[in-house]
Amino acid sequence: MRIQLVAAALLVSSTAGAWSRRTTEDEAAPAVVHGKLEGSNAVFTVRYVIPVAAASYTAASTGLALPELGLVTSASATSNGIAHALAMMPSEEASAKFDALSDDAETAPGRDKTNAVTITGSTGRAEIGIAAARAGVVTIDLTIAAPTCFYRNVRYVKVPAEWRTVADLALRRTASTDKALIAACDPADDAPETPSTWFGFAAPELARKPSGDRVGAFASRLALGEDHIVRVELGLASELGDVPRDLATVLLVDGSRSMTSEESEAQRQLIASYLKAAPESRVQVLAYARRTRPLLPGWTSAAQAAARVDRELRSLAPRNGSNFEIALADAAAWLERIEGTRRIVLVTDERMANRLEITPPATLRRLLPAGTLVHVVAVDVHAQEPRRDEDAKLAPLAAATDGMAVRLGPLDDPKHLDATLLVRPISLDDVTVKAPGWTALSISSDVGRCGTEVDGLLREGRSCTWWGEGDASSGPIAVEGLVWGKRVQRLLRPDPGRARDVARELSARDVLDEKLKEQVDRLAHAVNNHWSLYVEWGGAAKYAGGFGFGLAGGGSSCGCGGINDIGLGRSGSIGGWDPPDLASQLRPLLAACHVEDVSITVTLEMTMIEIVDLDAQLTWSNEPSAAEQRTQQACVEDALWDATPMVRHVEPRASYVVSLAPKI
């Protein structure tokens, strides 16, 4: 059975439109965000602090913005200092449990109501419903998993913009809105309404590999009955190769009369760019026509040679003949005089004698010292920036030495010409995925799909993905490409151990037909159309017909800003709201300290619902010994530090002075 995809409009990612919303009145804003990298996935822990009114019951109407392609995988709810883990269960079952808490009949007075939290979800969004027996706050801690995009030795994930201000310091340091990152990881978002925020996680494994071999690939497999889906990812380190410290290059420039003025200018721009890209290397420049002529007195560092070479090329007098074979022989003689990494860059207008066009590459290679790599550059007035060209006349010579053939033309602005691709490898070219038994699926964007860019080129620091469908007999997959003239191959055996990661990404993308989507959602085991999270605790009484939205403070779901009615260190009724009765909450905690006859004044500094500092002043009426005073002081402070005060109107920062009078 062939896997069916939904409409083409959903192929890139159906989550983009829903995900890009900014926080609105019906969406909760997080209080704090932490994150880490697990394999190739980002895993976030996100805390929401939600004030609730007494006996409140609200359906799942409060939205929780998620990272792109992210799903909630677990959650806990903390109320009155006790944490309750939410259980994953089928959505219909969770909905029935939560709906059953509402009753049209008024509950008898004095009975405790049931507390409950449910988290439901669909593509790109999660929603929360809360039933609260008492006024206070409910702290929701979510675990969210999302696939990442590999870019320049970092794995990035696109997150809601409001996360940036509440993320931990490590995440804030990696936050990026770089346009190059967006172009590499989210090519479909070419005109975002608001700047994208991306969090990154260091992934230096590829950077530690040997120069020229910093290519990583892995494949994950998901079984859906008879059908199997495979996801392949290929990534390149931010620097695919290094410039050898002992690099020595002979640059052969075409001084023949067949060169046009535009081609001569393109040649000069190329040589200048090469010398700039390898300033510490050693170079010699030979101009060739019928014979060769050195433009430098001897081997010279590229940085020191740049000015003289530029003058020589500007004044070079064209001559008859395009005898590059003589130039290669003379270049070999220069290379024999020096130790190190030996290279030749041969520039030609490809107008040559017939005898040279038919000369076998092996014959020319024998002219050179062993291990010499040759790059061939064909200058062409109709070309522009340098690009690999396997159809160049001397491409076989470059391939025979593991070099590369390039074609370029004159540029209006020489600053745009970059010869780095001739100094060190900067891309994996001609990328192909060979997958016997698998058929390609159009799930990811064409721009980010392996083998679909121009000439199958994958630039260093970037990654690509390939999706395929098959069956149980579908076997290994080979991903290969060219680093200059050297073929690099990765043989992959799709890992069924990562099946859940594949299912979660497909569930978030929502690109499969209804039948397969149902299977994928079930295997994802995360909040989606199939699964919800649910927990209940407390009494058995229900809620009479529901009590509306149920969130304190007029529907604000965070209290992270704008709630300033309880000022720092103030007391009394303010703005129509009474300050919290903290005395009745704190006094019972001191029972073990035996301070019934002690007057205590406590100053609490809180951020949200967390005590960040406290000061307890004890006044004794019976003047106990100094040792007893120290013991009671320590006992009181320890007990208060373990407290979880219930504050109805949550603030980012507030101070409370609480008087605990002695019992009479």
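Here are some notes:
- Residues in segment 452-485 that are part of a strand (DSSP E or B) and among the polar types (S, T, N, Q): 463, 465.
- Test for residue 210: is it part of a loop (DSSP other than H, G, I, E, B), at pLDDT 90 or above and open to solvent by 50 Å² or more (accessible area, probe 1.4 Å): yes
- Just one of the numbered conditions (1) modelled with pLDDT under 95; (2) open to solvent by 30 Å² or more (accessible area, probe 1.4 Å) is not true of residue 386: (2).
- Residue match in segment 542-556 (condition: aliphatic (A, V, I, L, M), at pLDDT below 90, open to solvent by less than 30 Å² (accessible area, probe 1.4 Å) and closer than 27 Å to residue 145 by Cα): no
- Looking across 522, 498, 509, one residue alone is touching a Gly at 6+ places or on another chain (Cβ under 8 Å) and more than 27 Å from residue 83 (Cβ to Cβ). It is 498.
- Any chance residue 432 is closer than 30 Å to residue 493 by Cβ, assigned to a strand (DSSP E or B), open to solvent by 20 Å² or more (accessible area, probe 1.4 Å) and of a type in the set (Val, Ile, Thr): yes
- One residue stands out in segment 361-383 among those that are modelled with pLDDT of 90 or more and part of a loop (DSSP other than H, G, I, E, B): the one that is surrounded by the fewest Cβ atoms within 10 Å (Cβ to Cβ), namely 370.
- Answer from 533, 482, 523, 506 - the residue that is closer than 14 Å to residue 223 by Cα and buried (at least 21 other Cβ atoms within 10 Å of the Cβ): 506
- Residue check, residue 422 open to solvent by less than 10 Å² (accessible area, probe 1.4 Å), of a type in the set (A, V, I, L, M, F, W, C), more than 26 Å from residue 186 (Cα to Cα) and modelled with pLDDT of 95 or more: yes
- Residue pairs meeting the criteria (Cβ under 7 Å; at least 6 apart or on separate chains; first farther than 21 Å from residue 244 by Cβ and in contact (Cβ under 8 Å) with a residue 24 or more places away in the chain, in segment 323-342; second surrounded by fewer than 18 Cβ atoms within 10 Å (Cβ to Cβ) and of a type in the set (Lys, Arg)): 323/290; 326/291
- The set of residues from segment 143-160 being crowded, with 22+ Cβ neighbours inside 10 Å, hydroxyl-bearing (Ser, Thr, Tyr) and part of a strand (DSSP E or B) comprises 151, 156.
- Candidates 143, 148, filtered to the one that is within 10 Å of the chain's Cα centre (by Cα) and touching a residue at least 40 places away in the same chain (Cβ under 8 Å): 148
- Highlighted here are the strands (runs of 3 or more DSSP E) found entirely within segment 1-118 that include at least 1 residues which are among the basic types (Lys, Arg) and at pLDDT 90 or above: 32-38, 41-52.
The values are calculated or read from the model by the stated rules, or taken from the named source; none is laboratory data. Only a predicted model underlies this, so the values are computations on that prediction, with no experimental measurement involved. FYI the Cβ positions are ideal-geometry reconstructions off the backbone, even for glycines, and counts take in every protein chain you see. Heavy atoms of the whole protein, side chains included, go into the accessibility calculation; ligands, DNA and RNA do not. Shrake-Rupley method; radii C 1.70, N 1.55, O 1.52, S 1.80 Å.
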